[in-house]
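Participant: Pasting a structure below so you can have a look.
The values are calculated or read from the model by the stated rules, or taken from the named source; none is laboratory data. On a predicted model such as this, the values are computed, not experimentally measured, just so you know. Virtual Cβ from ideal backbone geometry, glycine too; neighbours counted across all protein chains shown. In case anyone asks, the SASA skips ligands and DNA or RNA and just uses the protein heavy atoms, side chains included. Shrake-Rupley method; radii C 1.70, N 1.55, O 1.52, S 1.80 Å.
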Amino acid sequence: MAEAREIAVQIDHVSFSYEGADDRIVALDDVSLTVRAGERLGILGPNGGGKTTLLKVMLGELQPQAGAVRVFGRSAKEARREGLVGWLPQRSGADLAWPLSVHQVVELGMSVRLGPFARPKQEDRSRVESALELVGMLDKQDRPIGSLSGGQIQRVMIARAIAPRPKLLVLDEPTLGVDVRGQRLFAEMIETLQHELGLTVIIVTHELRTVAASAERIACLSRKLHFHDAPQGLTPGVLAQVFAHDVEGIFGEVHVDAHSAEDCPDSAKTHDHGCGCDHGESP
């Protein structure tokens, strides 16, 4: 039997709440998740469902009030400090305002490994060019970043994230505003990067099409983890449960016929909750 792959990210019973005006607002409720090295995982959920909070916990920007996170056996902060994590935030208009060339923008990503005052060496410049070549932007390296299209800027920012050669690449809403063809091209590029660099990839999004095209496994998150399996195991019932709050905002209160394993009748050996898991005993 093949040896199990290394665990890239281990999230154990993580909970996090924000202080509200009158009470605490729960963002994550007892979330556990395992991501193995070399895997492409899509984290799917509605706006306000806890995706950004989970992402910040994985990056070490937030400390959970309960539970723990390990990234390649280290704390999230240690993994970031060691350059093990490349991260692509949501695109902002500030990207266009930088008076820098494409090469210079990607070179800035090397500061994680080099330190803020170190000058890049030939090896570092080679890594920048290699990253640009992988995303198909090497021929644009001397152009001002502000002269590029939105899709081209996104590719440059991905090159910036992978230039230091991280082991884990985390992308936050990477296809926001991208059409169907662009999403397909994005999925092909991510698969290429995964194979060429041996990356583990986590894509955080509210777009089902993006994760279905780009991810080998999907985790559905709306404060709780509702599903964690291959995309083909995802059911309309689970999607209705995860996006119930969004739907209620349009149609009013919606009843979702979904329940947990604990609610199954004792006589049932197995029961399908749309998660692809066997909650009962083996016969």
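Participant: Rolling a 1.4 angstrom probe over the protein chains, ignoring ligands and nucleic acids, what is the accessible area of Ile145 in square angstrom, nearest 10?
Facilitator: 0 Å²
Participant: Protein chains only, probe 1.4 Å: how do Asp142, Asp12, Asp229 rank by accessible area, largest first? Mind showing how you got there, number by number?
Facilitator: On the way: Asp142 130, Asp12 65, Asp229 45 Å².
Listed by decreasing accessible area, they come as Asp142, Asp12, Asp229.
Participant: Right, next: Lysines within cross-link reach of Lys56: Cα-Cα under 27 Å, excluding same-chain residues under 8 positions apart?
Facilitator: By straight Cα distance, Lys56 reaches Lys77, Lys167, Lys224.
Participant: Something else about it: Any idea of Val180's accessible area? Nearest 10 Å², probe 1.4 Å.
Facilitator: The value for Val180 is about 80 Å².
Participant: What is the distance, in nm, between label points placed 7 Å from the Cα along the Cα-to-Cβ direction at Leu100 and at Ala230?
Facilitator: Placing both labels 7 Å beyond Cα along the Cβ direction yields 4.1 nm.
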